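The next block holds one structure in the form of structure tokens; read it before the comments.
The values are calculated or read from the model by the stated rules, or taken from the named source; none is laboratory data. From a predicted model like this one, the values you see are computed outputs, not experimental measurements. Neighbour counts run over all protein chains shown; Cβ positions are idealised from the backbone, glycine included.
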Amino acid sequence: MANGFDPRATASPHTADTLGRDSVAYDAGLRSYMLSVYNYMASGVLLTGIVALAMVYTGAVQSLINPQTGSLSLLGYVLMFAPLGLVFWLSFGVHRMSTSTAKAVFFGYAALLGASLSTLLLVYTGSSVAQTFFATAVAFGSLSLWGYTTKKDLSGWGSFLLVGLVGLIVASIINMIWPSGPLGLAISAIGVLIFAGLTAYDTQKIKSMYFVVQGNGEAVAKSAIMGALTLYLDFINMFLFLLRFMGSRD
């Protein structure tokens with residue numbers, strides 16, 4: 001009796017040579033897709049660093065600090081929240097954007113975040129920031145590579161990591177209102193672990209998205225940009241939490 005759910009019953013016959021070509025084409029497409037994701041992500045991180053350094057070396061970073069109180073100025077607060085608006089615009093509006101607009105918004109977000117994060121170079125020594133950056137790069141690269149190559153299904157991590165992320169945000173808000181040294185260290189440690197897990201989880205999820213968008217050039221390009229944004233955020237957050245441990249204050 002024929003099995004109506006057996007794909008072999010309706011599949012067209014393929015020679016071994018045709019199947020081999022299909023496999024090679026898929027592998028090449030996936031490599032190209034993931035390379036685009038990593039190129040966008042790395043370019044975004046590089047742009048963030050360049051803008052942050054330019055803000056410091058030109059003295060523009062001083063405009064983000066209120067000289068009387070030492071806290072953020074009005075411009076500093078604007079730069080703090082402006083990237084958040086861009087990331088929401090890109091996340092919820094990418095389907096209505098052209099690919100070039102999505103790229104521009106992504107790189108605009110990276111540049112604005114670089115300007116906002118430039119104040120860190122007034123707090124921590126340049127050498128400790130550089131050391132933390134390279135430590136983050138090594139950890140991120142290792143975790144992302146594992147997420148890409150592992151045969152283990154990481155989809156079950158999603159709900160656990162989401163709950164942890166929500167808890168992390170709530171704990172951070174509480175620590176801002178009622179500062180506590182031990183709580184701050186705990187938040188930093190948990191933050192590093194959560195974004196380490198998200199790096200591997202998101203990499204595998206981005207890889208699996210290729211199955212959904214392959215064959216649609218515009219969808220592939222936009223998916224690569226959104227994948228780059230996801231990994232960029234994982235990298236930046238891991239860096240910021242690690243900096244609390246490794247950063248030396250001026």
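Numbers below:
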read-out: Among residues of the range 155-182, those that are polar (S, T, N, Q), assigned to a helix (DSSP H, G or I) and in contact (Cβ under 8 Å) with a residue 12 or more places away in the chain, counted; value: 2
read-out: Residue under evaluation G4, criteria (1) modelled with pLDDT of 85 or more; (2) outside any helix (DSSP H, G or I), criterion not met; value: (1)
read-out: Qualifying positions in the range 22-77 - touching a residue at least 24 places away in the same chain (Cβ under 8 Å) and β-branched (V, I, T); value: V37, V45, T48, I50, V51, V56, V61, I65
read-out: Single condition F160 does not satisfy, out of (1) aromatic (F, W, Y); (2) modelled with pLDDT under 95; (3) surrounded by 15 or more Cβ atoms within 10 Å (Cβ to Cβ); value: (3)
read-out: Qualifying residues in the range 79-117 (those that are in contact (Cβ under 8 Å) with a residue 60 or more places away in the chain and among the polar types (S, T, N, Q)) - the one farthest from S63 (Cα to Cα); value: T99
read-out: Candidates Y77, Y26, Y38, Y33, filtered to the one that is part of a helix (DSSP H, G or I) and modelled with pLDDT under 80; value: Y26
read-out: Pick from the range 62-108, criterion among the hydroxyl-bearing types (S, T, Y) and under 18 Å from T230 (Cβ atoms), ranking: nearest to the chain's Cα centre (by Cα); value: S91
